[in-house]
Structure formats: structure tokens, C-alpha cells
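Note sheet for the following structure.
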């Protein structure tokens, strides 16, 4: 056992305002604990902890959870082009500690009010060459985070960061749930796997968040927050047993370089979400809390809502006399559907802007988004949508936004467009990170909301710019048009993995539900994989303030199950995860005002779960329950609907068939 470990039980939480330290070899590791004391990050100079051990020379951290080691001694530091590694041989010269204790509100999200409470430390280091590096630490009750600050200094005025030395060393052979990507230019759309850390291949590039179970200790997810003028982070297998190491997205214009910047340079937060069960991580707002406050003073125009959508259903409109497609009549048909359903929005997807496409479905080419294709009468659609109390979103390829943003965004504001869905970035290098920020800042100036598709994972930017209300970065429902990949197993994994970083535009709402035996991928009138009740539960389990209702209008006509979709909100006051494990099942409850919504999903295994309603307030409630019918495994569109009176002592028994689910709306009982 190293000396770093032996210090964990004997050091107090650092709460002194500032400590100046001599540069000697006897300085103790720093102990920064969460407010409840259950999570402790130790930060040390490894030359102190392991005298004479040159293999571990450098800055180190470790994480203890409830008296057990979650992360073992892991390396810290930066590699700057033309410079020795920054980290080895450094000595601590000053510590400044403090606390954050605030509560703030957000216009849309999984909780309307957010508690931001943590203990903090600013730790300055210096090496023999006089180079300086600061590590900032924050310890919350639901995780810890650290970041590097490279101060302005004579020897480091302009820097090119090649890579980080950041390491994540699990205390034992943890079970991981990695998203393995095919390169740095990726849409982040793939299945999650389950692997021991010892079974991770060295050539795999793993996207964040990375969930892990350290058996006998707890659950931890590695991700990042507040990416600004920096490159996105990935993970690869490290050299030490049970370790992963940081890998930065490279610049496309500077081989071997990830970040080019003038000092001072502040990296994103490296975040470890921590809990005793994976559901605790879903409830966490740590990623939001690690971002600066909102820069939008008046957020009243930022509104969550459900949206009709013309793309997923494949131009299906069997009840109409006109030819469906990207034309005014079809868009009016979807506006009518949104209006009659009480939806706030209708999203006009690819093909509305003026461009010369080589193929009808090739929308990757540059389009002039200040001009409209002849088939679309935009003034008439804007007039018609306003008459129907529906607002429009527009799709755009990112290259078109990059070229025309300064002209298009003011024009969209004049038109009364609600927001823009921007697609196919498929990168998170330093330049593209800057593009995201330019977009949301400009969009905010013109009262436009943003939905990024073909996107990297969220980093909490939506706290600073809450007009960024959702993004993709997930293998969603669209994949059922050409594959069987977005399965119930995938759906029960996403809340514990991708959704930890923030909202995801998965686009649920399929009513052509199918089991595995009868499923056929198809572009026109695509099927949903899993039961109807499973599909309804997705609207509760999966977080997205802009929630697509993806099927064509006629598929919902006359279906009582559609009443749940009409009713369910898309922004929330509170979230509780009641049960579940990745790749198996989940039961999650969300509150909106006095109403609660409970969604349960299972994988391909039929199961019965208990749903205790202890989260309810006092008094009687009515539970409206949409469940798998007894024959739903063979007939996945079949559901049962029941009402029953419940209170906070009630425990519901929920049975789900293979690929099944359950959706419940709980509201206060009427009083005379």
C-alpha cells in the first residue's frame, strides 16, 4: 500500500483560505472531501509519495468512496510541444480552498432548480525550471472534478498541447460500459458494450461518458464539462493494469497537436460521477454545475415541447390526396397534426433550403439557408403555423450554418422560427468546439434554440447558453430504418451511459411496434423494435426538452395510447431513479408540478418489478397505467389501460414482457 492511501483517514478536509507551502519532500497529500464527507479526492506530488520511484514521478490523484478506494493513484499533467512533460518533478507551492453553495434555476431540463454545493481547492505547482501549473478541484456529494490551468508565464506564452498525461486507474478490474468509436470524426452513434477494464483493447477509442462498476465499492462515470477553446477528450487503455488514459481529439490542421492557444489556458473539467447505484448518476447535475452561469438574461423565449417531424416516417401520409414530400402541402399536414395534438413545434427537416443536390437524399452538400426551395412556400407555412399555434424548427447542415449564419439567423428571427437543428458536424476538435459556441451565442442573440445532431456528447454548455436545449450524439430511433440496432437492450443502456452527460434527441414515438421475430428494417413506415408500452415509457425515461414524436400522423389516429404522448411533459422539476441496471432494465420517475410520470423499460427478458410510490406527496392520487397486454410479446402493439387510486404507501407491481415497458401518469385525485 502506498503512502498516499495511508493519508486518507488522517487528514482533515481542507477549508483554509490559503496555505503557502515550502518546496520540500515532506508535504502531505491534499485531501478534498465532498460536503457529506463520503467522496474524497487526494492530490499529491508522487515524488513525495513514492520517493525514488521514477516510474510514478509526477502529480497524482486518487479517489476514495465511503472509505474504499474507487480510483487508485492516477497520473496528471500535460505534454506541450517542444517542452518536457509538465507534471513530473513539480512541487506544490500554494493551496487555496473554499466552497460553492448556490441554488439556481434553468428554463428547461431534468430539474427546474439545481443545487450546486461543493468544496474546492486551487493548487499551484512549480517545477525546477520555474514552469507553473495549477490544478483546480471540486468535490461534490455526487462526484469529483479537476481541471488544469496553465498560467501566463514567460516560458509558456503560446502553447501547443500534444496530449494530456491524465489517467483513470480503477482500484480493481472494473466492469466498463464503453462506446467504442471508429475514429475522432464520428457521430457518436453506436451500441454500448460491457467489458472488464482488463479486456479493453489498446487500439479502441472510447467515447464519454464511460460508466464503470468497481465491484464492492461503487459506480463511477468519467466524462468532461465546460469544453471551451479546447479539444474533446476520449479514453484509451492505459499502460498500468486496470487503467485508462486521456486522448484528445487532434486538430485537423496541425498534425500531432490537439490544442493551440495563448496562455492562460484552462482545460475542461475531468469529471468522475460517483454513486452507490447507477441510478444515482442519472439524478446528478454535476456536469451542469461545472459550467459558468447563464449568459442569457431573459430566457422566457426558451420553451420545451414536443414536435411533429416529417423525416422519420418516410414521407408516409396515406390519408391525403397530394403527393407527400418536401412540399408545402405535406408540411401543412404535419402542422395540422402538431396543432390538433397540442404540440408546441413542427420540425421541417432536410430539403427545404435552396441547393443543387446530386441525389434527392444527399443533403450533405452546401445549401443556401437564406433561400427556400421552390416546393416550399415559406411565407405561407409561417402564416399557417402561426394560425395553428405551432412554431417551426428548421434543419440545416453545419457547413451551411458556418457560411450563412450571420445572414440566416437574423432572417430566421424575422420569420419567427423557433430553432435550428444543425447536423453532421461529426467532430469535436478545437475548431469544431469553437463552432458550437459561436452558434449558440449567435442563436441566443436572435432568440433561436439549437438542437445539435451529428454531435459530440453534451458538456453542460446548456447552463451557459440554455437555448442549446438538446443534441443527438446517440444511436437513436432513425437506425431502425436500416437495422435492428436500437433495441430494448440499447434503450435500457442509454440512461446509464450517454444520458449521464445531458439530454439526447433520440426521437421516440414509433407506433408500428414489432418483436424480434417480425421486425423488418424499412425506410417507408419504419417499425419500432419493442412493445407499444416500451415506446411510451421512452418519453419518460429519455431526457430531451425538445422531444420528437417521430411517426406519421395517421399512425396515431384513434389510438388511446397516444393520449399518454399528448400528456407527458418534456421538461421537469425533479427526477428519481427507482431501479435498474444498464443493459437490463430501468424504472425512473419524473415530476412536473404535482404530477409524476413513471417509465419502466426491460431488455429482451420479461420481468416484474416493484415500483414504490414513496416519492409522492401526502394525500390520494390517481395512477393511469399503460402496460404490456398479456399477449404483447406476440402482439407488441397491444396494451392495457387501467386507473387506480394510490398514495405514498402504494407499491405497484409492474410486469413487462420481452422487449416491454410500462408508462404511468400519476396526478392528484380530484377533491369535492
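Packing order of peptides 511-524, 565-578, 607-620, highest average first: 565-578, 511-524, 607-620 (average count of other Cβ atoms within 10 Å over each peptide's residues).
Compared with the rule-of-thumb size 2.2 N^0.38 Å for a compact globular protein, segment 3-289 has a Cα radius of gyration ratio of 0.96.
Between the helical axis of 430-445 and the longest alpha-carbon principal axis of the chain there is an angle of about 50 degrees. Checking [x] 82, 59, 48; [y] 81, 57, 56; [z] 75, 60, 52 against Cα extents along the principal axes in Å calculated from these atoms, the matching label is [x]. Panel order for 298, 377, 631, by other beta carbons found within 10 Å of each beta carbon, from fewest to most: 298, 631, 377.
From the helices alone, meaning DSSP H stretches of at least four residues, give me the mean residue ellipticity at 222 nm for the chain, per-run term -39500 (n - 2.57), in deg cm²/dmol to the nearest 500. If you can, show how the numbers build up before the last one.
Numbers: 13 runs with 106 residues, N = 672.
Theoretical 222 nm ellipticity from helices: -4500 deg cm²/dmol.
As a rough guide to protection, the peptides 302-308, 553-559 ranked by mean Cβ packing within 10 Å, highest first, stand as 302-308, 553-559. As a ratio to 2.2 N^0.38 Å, the alpha-carbon radius of gyration computed for segment 535-603 takes the value 1.16.
Once the convex hull of all Cα atoms in segment 304-473 is built, its volume per residue stands at 115 Å³. Pairing the Cα long axis of helix 328-341 with the longest principal axis of the chain, what angle in degrees results, from 0 to 90 and rounded to the nearest 10? Roughly 80 degrees between the two axes.
Compute the length gained on full extension between residue 402 and residue 300: take 0.36 nm times their separation in residues and subtract their Cα-Cα distance, giving the result in nm to one decimal.
34.0 nm
Within segment 440-567, all pairs of alpha-carbon atoms sorted by distance into 5 Å bins from zero give the percentages 2, 10, 20, 21, 18, 14, 8, 5, 1, 0, 0. Here the contact order of segment 304-473, divided by its residue count and restricted to Cα pairs under 8 Å and six or more residues apart, works out to 17 percent.
Relative to the longest principal axis of the Cα atoms of the chain, the long axis of helix 378-387 lies at roughly 80 degrees. In percent, rounded to a whole number, the relative contact order of the chain is 11, using alpha-carbon pairs under 8 Å and six or more apart.
Each pair of Cα atoms in segment 554-651 enters the Kirkwood radius, and Stokes-Einstein at 10 °C and 1.306 mPa s then converts it into a translational diffusion coefficient of 106 µm²/s.
Remind me, relative contact order of segment 3-289 in percent, using alpha carbon pairs under 8 angstrom and six or more residues apart? It comes to 16 percent, rounded to a whole number. Using the Kirkwood radius built from alpha carbon pairs, what does the Stokes-Einstein equation give as D for segment 576-620 at 20 °C and 1.002 mPa s, in µm² per second? It diffuses with D of about 184 µm²/s by this estimate. Computed across segment 591-648, the Kirkwood radius stands at 13.3 Å (inverse of mean 1/r, all Cα pairs).
Every number in this text was worked out from the coordinates using simple rules, so none of it is lab data. The structure presented is a predicted model; accordingly, all values stated were derived computationally and were not measured. Backbone-built Cβ (ideal geometry, glycine too); neighbour counts: all protein chains shown.
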